[in-house]
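The values are calculated or read from the model by the stated rules, or taken from the named source; none is laboratory data. Since we're looking at a predicted model, the values are computed, not measured. Because the Cβ atoms are built from the backbone with ideal geometry, glycine has one as well, and the counts that use them run over all protein chains shown. For accessibility, only protein heavy atoms count, side chains too; no ligands or nucleic acids. Shrake-Rupley method; radii C 1.70, N 1.55, O 1.52, S 1.80 Å.
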Amino acid sequence: MTLFGVRLRELRKKNGLSMAEFGRRIGIAKSTVAGYEGGEREPSLDTVAAIARLFDVTSDYLLGLTDRPHPLSVEPGLAAASRMETTGKTALHWNGEPLTDEELELVLGLLKNAQATKYGRNDAPSVPNRMR
């Protein structure tokens with residue numbers, strides 16, 4: 001069994017998915033899932049990407065290039081910022097210390113500004129003067 005197969009099986013079981021249900025979710029047959037987990041088959045890059053998205057892990061983790069499921073052990077992407085905004089809770093840390101509410105507000109503002117700049121929107125919140 002390959003490390004990819006081991007990690008796939010662990011993630012699938014951790015998420016309570018049968019081989020058949022997992023296969024349906026990413027568009028492959030149950031026998032293909034069994035082949036991946038048993039090391040008899042190798043997934044395409046598109047399939048690796050689909051699996052990574054489904055389980056919210058990096059492809060590097062799936063392929064055994066790192067032992068960290070998420071980059072820098074924080075919630076991936078802007079999903080964390082969205083959760084900060086909607087729930088007021090976060091898993092963001094810096095140098096092992098949780099960020100304060102004020103720091104989280106600054107980070108969220110910076111992320112929104114970067115996203116608005118990227119997509120050419122003018123509705124981005126301004127960055128506080130102390131951050132310039």
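One table, with the values for the structure above:
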| read-out | value |
| --- | --- |
| Table column - 3J(HN,Hα) (Hz), the range 9-25, Karplus curve with 6.51, -1.76, 1.60, x for Gly and Pro | 4, 4, 5, 4, 5, 4, 8, x, 9, 6, 4, 5, 5, 4, x, 4, 5 |
| Accessible-area order (highest first, 1.4 angstrom probe) of the listed residues L17, L54, L99 | L54, L99, L17 |
| Estimated distance in nm for a label pair at L63 and T100, the labels positioned 7 Å out from Cα along Cα-to-Cβ | 4.2 |
| Label-point separation, L45 to L110 (7 Å along Cα→Cβ), nm | 3.1 |
| Sequence-distant residues sharing a close amide H with G39 (under 5 Å, placed H) | T2 |
| Candidate residues T2, T58: accessible-area rank, largest first, probe 1.4 Å | T2, T58 |
| Phi-based couplings in Hz for the range 106-114 (Karplus 6.51, -1.76, 1.60; Gly and Pro marked x) | 5, 4, 4, x, 5, 5, 5, 5, 4 |
